Amino acid sequence: MRFSALKKAKDVCCVLCGAAGLGIQTVEDMLARIIVDEGFFVFGSREYMSRVRGGNNSTEIRISDVAVHAPLDRIDILVALSPNVRQNIRERITGDTVILGDRELLNGELEDLGAFFIDIPLSKLAKEAGGKIYSNSIAAGVLLGVLGLGTEGADEFYRRRFAGKDDVIGKNIAACATGHKLGLSISEGEGALPGRRANAGAERMILNGGDAVSLGAMAAGCTFVTAYPMSPATGVLSFFAKNAEKAGAVVEQVEDEISAINMAVGASYAGARPMVTTSGGGFALMGEGLSLAGVMETPVVVHLSQRPGPATGMATRTEQADLDLALFSGHGEFPRAIFAPGAMESAFAITQRAFLTALKYQTPAIVLTDQYFMNAFYNLDPGSLEYLKEPPLPAETPEGYRRYEDSPDGCSPFGVPGWGKGIVGADSHEHDEIGHVYEDFELRKRMQDKRLRKLDGMAAEALPPLFFGPESFEKLVICWGSTIPIVREALSLLERSDTALLAFEQLWPLHGGTGEFLARAPFIVSVEGNSTGQLSRLLRSVFGRGADETVLKYSGLQFSVEEAAERLGAVLSGKGGSR
Amino acid sequence: MDSGIFDLAGIDISWCPGCGDFKILDSIKNALRELELTPHGVVMVSGIGQAAKTPHYMKSHFFNGLHGRALSNATAIKAANRSLNVIAVGGDGDMYGEGGNHFTHTIRRNPDITNLVFNNMVYGLTKGQASPTSPVGFRTSVQVDGVQSRPFNPLAASLVNGATFVARAFAGDGEQTKEIIKRAILHKGYSLVDIFQPCVSFNSVNTYKWFQENTYTVEGHDEEDLRKALELALVEEGPFPLGVLYRREGVPVFEDTLAAFRNDDRPLFRREAPRKAVKELIDSMCC
């Protein structure tokens, strides 16, 4: 009864680790689909090294009876496909972890760790199955057997994934069957999952952060995507490249990020709904272009997917340290909106909102994600995805049209060249209402006021922070973006009746009601994926009240539920220990 | 047709008296008029510099962006609305210095835009420093011992990177410049017209007289012969050839190769959000 302990657990957490190039992602895709087909909820996240081959990467797959949206430290079942398992995985192995690996390949590694080590002769079986590349399918089969699931879903997956390549399909199916047989014998007919309540509800869509942002952009009518490839933001470029015709969008990989943003501003002037996708280093190069969008009053959406800096930092790792950059990028003063979705559903809706805001207020909007969020996924009900009302297309310009006509809300009628009787101008200098450069101190002040007035409307429409917990609270936890679901689950573990959570998915402009929550809180803790507490600092600067304590993570990995709970618990119970 | 259709009334032009830019502005307006284009069908795109002020001095749609970035802006404007005639104007510092990377890659991309470069071999707006095309030995307040770097050769650089229309004009010859600009606009693809232009304030070497004495009009050569064009472009000491050095027809243009226009001719501003396609994609992501 090797897995009897798991039957009592609320969920099962499996981790697969191995060298890049072994096809772990294929296994991840397949298992997620099979698990959802079986009626369970799945959550997955990935961490990987900045290399194409070799190294050691891992994927976590959490299987549960109820919806789960956050990663765990705990590993119930570890499948090791390659030697040299890294410390971040080794330190998560407990006395309850069952480890599956090839004894010969691992050369004794991991054998003294965990509940027990089960030898699966991957190299030998893969050779028999047709080569090393089949070791992932064998491992997938073993895991399916250990979990007590069948292989029908896997067979179907291979048929679809490798359609037209009968030989490859056959070999993968056979490899998976070999592994499955082994898995069944390991679990002694007592797989970890059977007997659990299967849900089989409407949550049949598996969505990751990158696709959620992309689909949201497409739903908002994004027609122009330019980017220079940069981890972890490239997924959005690939999505649009693949779906360019369906989206009706111009998609171009450009020579540098400077060109990306300048193309976006040019396209926007001509009436496209543009988006650039980049990470911190690339966005730093876009600073002048962002400022251009500000003064030209051209709608532009920036998807800024964060990774650790400064400079090149850690290319494939995660961090929430570019809030300050997003807030202050670009010289001069101009209005901008900054969003940071915490869930896949909100990434879909919020990316649309970013477009709506950018288009209505004719100014840049930034969507902040990070490597963790881009690669994280879970299953959801597609019916829960919200479609916002599409903004109107540009109207024809009248004779005597003035692109920068002053108005009470700061927004001028948006016209495009070649549509109507007007002449449409745009200028990076301070300009008159037509758009011509004109040096006049009164004009300057009037135009600057006009642009900044748009912030009033944007603030009135700002998303309020999400509030969870008791109305009367002693302690308030704050967080933003991708850490939101993790902190929520951590707080539910802590079961504190005196603590509430205030979670931000819009960082600029901030909702006016925020200050009241902060003022009511005798004690505030900020949980952030950076080393200086940028959200706390922002709130203090706007509302005069920031965090009393911080729980920060900046190793390059995302918080786990357990780590957030442990460190928050210590701070909330007055035991201090911020970093 | 109204001879002043591209004229803009009541403007205060900030170029120095005698500047070659005036003559080029006339050549542009005359070329557009003779091609029977209208201000509503033309977008003048520029960056920063004296030449980059041109869009403010004529009647047409205009986009005056950042230093060096006009070609990126122009490529995108053309891709967003293929019915527009897009002309990117700027000086040698703007296009070849600050915008050098975009210059190279715009040539490779081959959008159907016209690139006019007012090449006076000196920085005017910032008052007389060397430009990428200043000759070796040219002394300025910054290059106090004279320019050491070799001058950038825009014609040769564009030819080797696959430009489909490469020409050189001299601002002093308005008629010839106008004719070359007309051909550049009519060319389907990226066209470069490098226009020699005297700077009366900061360049006492390359004057009207100097350009007259050091240029000649190339005639009767095979415009589709790349090697011949390169030979003409590689002249270092002068005399420098004026005219269309090279053209290549039939090379696919950037915007026409985009999937966005495969089954949809509408400019981007007329496209509603493809909600049906979004829902289909979402369905395909369901188990």
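If you take all other residues with their beta carbon under 13 Å from the beta carbon of residue B:177, and give Lys and Arg +1 and Asp and Glu -1, the sum is -1. Legend: translational diffusion of the protein assembly as shown by Stokes-Einstein, Rh = Kirkwood radius over C-alpha pairs, 25 °C, 0.890 mPa s; D = 83 µm²/s. Sorted from longest to shortest, the spans of the Cα atoms of the range A:395-461 along the three principal axes equal 32, 32, 17 Å. The alpha carbons of the range A:62-208 occupy a box of 44, 40, 31 Å along the principal axes, longest dimension given first.
Taking amide H as placed 1.01 Å from N in the peptide plane, residue A:118 has its amide H under 5 Å from the amide H of A:99, A:100, A:101, each at least 5 places away in sequence or on another chain. Evaluating 6.51 cos²θ - 1.76 cosθ + 1.60 at θ = phi - 60° for every residue in the range B:156-167, the Karplus couplings come out as 5, 4, 6, 5, 6, 8, x, 4, 9, 7, 10, 9 Hz, glycine and proline recorded as x.
The Cα-based radius of gyration of the range B:218-287, divided by its Kirkwood radius, gives an Rg/Rh of 1.38. Residues B:216, B:123, B:190, arranged from fewest to most other Cβ atoms within 10 angstrom of their Cβ, appear as B:216, B:123, B:190.
The Kirkwood hydrodynamic radius of chain B, based on inverse pair distances between different Cα atoms, is 19.7 Å. Bridges between two residues of the protein assembly as shown, per DSSP, are antiparallel at a rate of about 30%.
For residue A:385, the shell of other residues with beta-carbons less than 11 Å away shows a net charge of -2, using +1 for Lys and Arg and -1 for Asp and Glu. Relative to the longest principal axis of the Cα atoms of chain B, the long axis of helix B:174-186 makes an angle of roughly 20 degrees.
Set against the 2.2 N^0.38 Å expectation for a compact globular protein, the range A:38-112 has a Cα radius of gyration ratio of 1.20. The slack between residue A:311 and residue A:474, meaning 0.36 nm per residue of separation minus the straight C-alpha distance, is 54.7 nm. A full extension of the chain between residue B:145 and residue B:256 corresponds to an added length of 35.1 nm, given 0.36 nm per residue minus the alpha carbon distance. Here the Debye sum runs over all C-alpha atoms of the range A:466-572 as equal scatterers in vacuum, and log10 of I(q)/I(0) at q = 0.12, 0.20, 0.24 Å⁻¹ comes out as -0.34, -1.00, -1.49. About the centre of its Cα atoms, chain B shows a dipole size close to 840 debye [charges on the beta carbon of Lys, Arg (+1) and Asp, Glu (-1) only; nearest 20 debye].
What angle do you read, to the nearest 10 degrees and between 0 and 90, between the alpha-carbon axis of helix A:166-187 and the longest principal axis of chain A? Between the helix axis and the principal axis of chain A, the angle is about 60 degrees.
With a 10 Å cut-off around each Cβ of A:240-246, the average count of Cβ atoms from other chains is 4. DSSP finds beta bridges in the range A:4-187, and of those with both partners inside it, around 55 percent are antiparallel.
Label zone of residue B:14 (point 7 Å out along Cα→Cβ, amide N under 19 Å): in the range A:422-448 this covers A:425-448. Summing charges over neighbours of residue A:13, with a neighbour being any other residue whose Cβ is under 12 Å away from its Cβ, gives -2 when K and R count +1 and D and E count -1. If you plug the beta carbon distance of residue A:116 and residue A:90 into 1/(1 + (r/R0)^6) with R0 = 25 Å, you get a FRET efficiency near 0.95. Suppose the Debye formula is applied to equal point scatterers at every Cα of the range A:206-384; what is log10 I(q)/I(0) at q = 0.13, 0.17 Å⁻¹? Rounded to two decimals, the profile gives -0.54, -0.96.
Just to verify a number: FRET efficiency for residue A:8 and residue A:246, C-beta to C-beta distance, R0 = 35 Å, to 0.05? The computed FRET efficiency comes out at 0.15.
In this simple spin-label approximation, residue A:466 and residue B:266 carry label points 7 Å from Cα along the Cα→Cβ vector, and these lie 3.5 nm apart.
What the Cβ-Cβ distance of residue B:287 and residue A:444 gives, at R0 = 51 Å and to the nearest 0.05, is a FRET efficiency of 0.30.
When DSSP beta bridges are restricted to pairs lying wholly in chain B, around 15% turn out antiparallel. Just tell me which lysines come within less than 20 Å, Cα to Cα, of residue A:475; anything on the same chain fewer than 8 places away is out. Within the straight-line cut-off, residue A:475 pairs with A:575.
This ranking places B:21, A:370, B:265 by how few other beta-carbon atoms lie within 10 Å of each, fewest first, which gives B:265, B:21, A:370.
When A:60, A:386 are arranged by Cβ crowding within 10 Å, least crowded first, meaning fewest neighbours, the order is A:386, A:60.
Counting only Cα atoms, the size of the range A:206-271 along its three principal axes is 35, 26, 15 Å, in decreasing order.
Read-outs: derived from the displayed coordinates by stated rules, not from any lab. All figures in this text were calculated on a predicted structure; none of them were measured in a lab. For neighbour counting, all protein chains shown are included, and Cβ atoms are generated from backbone atoms with ideal geometry for every residue, glycine included.
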